[in-house]
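The values are calculated or read from the model by the stated rules, or taken from the named source; none is laboratory data. This structure is a prediction, so every number in the text was calculated from the model and none was measured. Neighbour counts run over all protein chains shown; Cβ positions are idealised from the backbone, glycine included.
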Amino acid sequence: MKTFLSDIDLRESCPTCKFAKLPRYADFTLGDFWGVDKCYPDLNLDNKGTSLILVHTKKGNDLLKELKDIHLQECDLDKAIKGNPSILKHLPANKNREKFFNELDSNDLDKIVEKYTKVSIVRQVLRKGKRVIKKILKN
């Protein structure tokens, strides 16, 4: 998860992806609905995440209608984009990506992940403080 959130293990093609835009050529796009709690809090009941499905074609819409036992809710595209900017633009390359992959064969994975994905103590404290304040305000 640390490598995913730091974008260090993205494919080499991701920072120059010509498909990171709308309209898409696929029938649909699947992803995580980052920021769903801000715009649709009722969709984030278990706090384990919510999936986002962008339907691009009639075929994609027809396939979606065939799904059973799944809760679907239509959402505003602008709200989805706000938490998922990669819908419209590719992610920037992580400056340490090459070093990270060069060390994978000769070093312990946990150590390499820790080395290249360290989050500063200040950021950790700010994140924790933000969560605490949100909980206090909810009560």
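If I filter the stretch 73-87 down to residues being under 13 Å from the mean Cα position of the chain (by Cα) and aliphatic (A, V, I, L, M), which single residue comes out as surrounded by the fewest Cβ atoms within 10 Å (Cβ to Cβ)? Lay out the reasoning, then the answer.
Step one: filter the stretch 73-87 for residues under 13 Å from the mean Cα position of the chain (by Cα), giving 80-87.
Okay, now just the ones that are also aliphatic (A, V, I, L, M), so 80-81, 87.
Working: 80: 20, 81: 16, 87: 18.
By that ranking, first place goes to 81.
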- line: For the stretch 13-26, the count of residues that are touching a residue at least 40 places away in the same chain (Cβ under 8 Å) and in a loop (DSSP other than H, G, I, E, B) equals 4
Meets criteria (at pLDDT below 80 and outside any helix (DSSP H, G or I)) for residue 132: no
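Tally time: how many residues in the stretch 32-62 are surrounded by fewer than 14 Cβ atoms within 10 Å (Cβ to Cβ), touching a strand residue (DSSP E or B) at 6+ places or on another chain (Cβ under 8 Å) and modelled with pLDDT of 85 or more?
Just the residues of the stretch 32-62 that are surrounded by fewer than 14 Cβ atoms within 10 Å (Cβ to Cβ), to begin with: 32, 38, 41-42, 45-49, 51, 58-59, 61-62.
Those left that are additionally touching a strand residue (DSSP E or B) at 6+ places or on another chain (Cβ under 8 Å): 32, 49, 51, 61.
Those still in the list that are modelled with pLDDT of 85 or more too: 32, 51, 61.
Matching residues across the stretch 32-62 total 3.
Quickly run through the stretch 63-102 and pick out the residues that are charged (D, E, K, R) and in a helix (DSSP H, G or I).
Narrowing the stretch 63-102 to residues charged (D, E, K, R): 65-66, 68-69, 74, 76, 78-79, 82, 89, 95, 97-99.
Hits for the stretch 63-102 are 65, 78, 79, 82, 97, 98, 99.
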message: Criterion first (under 21 Å from the mean Cα position of the chain (by Cα), of a type in the set (Val, Ile, Thr) and at pLDDT 90 or above) does residue 70 satisfy it?
response: no
- request: Go through the stretch 71-111 residue by residue and tally those that are touching a Ser or Thr at 6+ places or on another chain (Cβ under 9 Å) and of a type in the set (A, V, I, L, M, F, W, C).
  value: 3
message: Could you check the stretch 12-45 and list, in sequence order, the residues that are of a type in the set (A, V, I, L, M), within 16 Å of the chain's Cα centre (by Cα) and closer than 14 Å to residue 90 by Cα?
response: 20
- prompt: Only one residue in 29, 3 is surrounded by 10 or more Cβ atoms within 10 Å (Cβ to Cβ), assigned by TED's automatic domain parsing to the domain that holds residue 112, in contact (Cβ under 8 Å) with a residue 24 or more places away in the chain and not in a loop (DSSP other than H, G, I, E, B), so which one is that?
  reply: 3
